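Undergrad: Below you'll find the structure I mean.
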Amino acid sequence: SNDNKTYVIRLRQGVKFHNGKEMTSDDVMASFDRWLNRNSNGQSLKPYIDSYSANGDYEVQFTFKEPYAPF
């Protein structure tokens with residue numbers, strides 16, 4: 001975004017897991033949530049995040065409280 005606080009990431013369609021299931025934004029959100037809450041790097045990022053969400057099946061959005069260049 002113009003204010004450098006929101007990142008929208010579009011996922012490639014058709015990416016498959018080893019079991020043949022297609023990866024979607026819900027999978028990315030579950031992995032990010034796990035990383036954010038269980039990893040020390042995630043813990044250090046957590047205070048800067050305002051929100052994160054899945055926008056449809058192939059898009060995720062991360063919004064920070066202020067611009068955060070390391071992301």
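Undergrad: I need the full set of residues from segment 51-67 which are open to solvent by less than 50 Å² (accessible area, probe 1.4 Å), farther than 10 Å from residue 24 by Cα and either in contact (Cβ under 8 Å) with a residue 40 or more places away in the chain or basic (Lys, Arg) (or both), in order please.
TA: 62, 63, 64
Undergrad: Give segment 40-69 a look and list any residue that's of a type in the set (A, V, I, L, M) and not in a loop (DSSP other than H, G, I, E, B), or say none. Write out each step before concluding.
TA: Just the residues of segment 40-69 that are of a type in the set (A, V, I, L, M), to begin with: 45, 49, 54, 60, 69.
The answer is 45, 49, 54, 60.
Undergrad: Considering only segment 25-50, state which residues are aromatic (Phe, Trp, Tyr) and touching a residue at least 12 places away in the same chain (Cβ under 8 Å).
TA: If we filter segment 25-50 for residues that are aromatic (Phe, Trp, Tyr), which is where we start, we get 32, 35, 48.
Matches in segment 25-50: 32, 48.
Undergrad: List the number of the failed condition for residue 24; all other conditions in (1) touching a Phe, Trp or Tyr at 6+ places or on another chain (Cβ under 6 Å); (2) more than 13 Å from residue 6 (Cβ to Cβ) hold.
TA: (1)
Undergrad: Considering only segment 1-39, state which residues are in a helix (DSSP H, G or I), open to solvent by 40 Å² or more (accessible area, probe 1.4 Å) and either over 18 Å from residue 70 (Cβ atoms) or modelled with pLDDT under 95 (or both).
TA: Of all residues in segment 1-39, those in a helix (DSSP H, G or I) come to 25-38.
Next, only the ones that are open to solvent by 40 Å² or more (accessible area, probe 1.4 Å) stay: 26, 30-31, 33-35, 37-38.
Answer for segment 1-39, where residues must be in a helix (DSSP H, G or I), open to solvent by 40 Å² or more (accessible area, probe 1.4 Å) and either over 18 Å from residue 70 (Cβ atoms) or modelled with pLDDT under 95 (or both): 26, 30, 31, 33, 34, 37, 38.
The values are calculated or read from the model by the stated rules, or taken from the named source; none is laboratory data. Values in this document were obtained by computation on a predicted structure and should not be read as measured data. Cβ atoms come from the backbone with ideal geometry, glycine included; neighbour counts cover every protein chain shown. The protein model used for the area step is the full one, side chains on, heavy atoms only, and it has no ligands, DNA or RNA in it. Shrake-Rupley method; radii C 1.70, N 1.55, O 1.52, S 1.80 Å.
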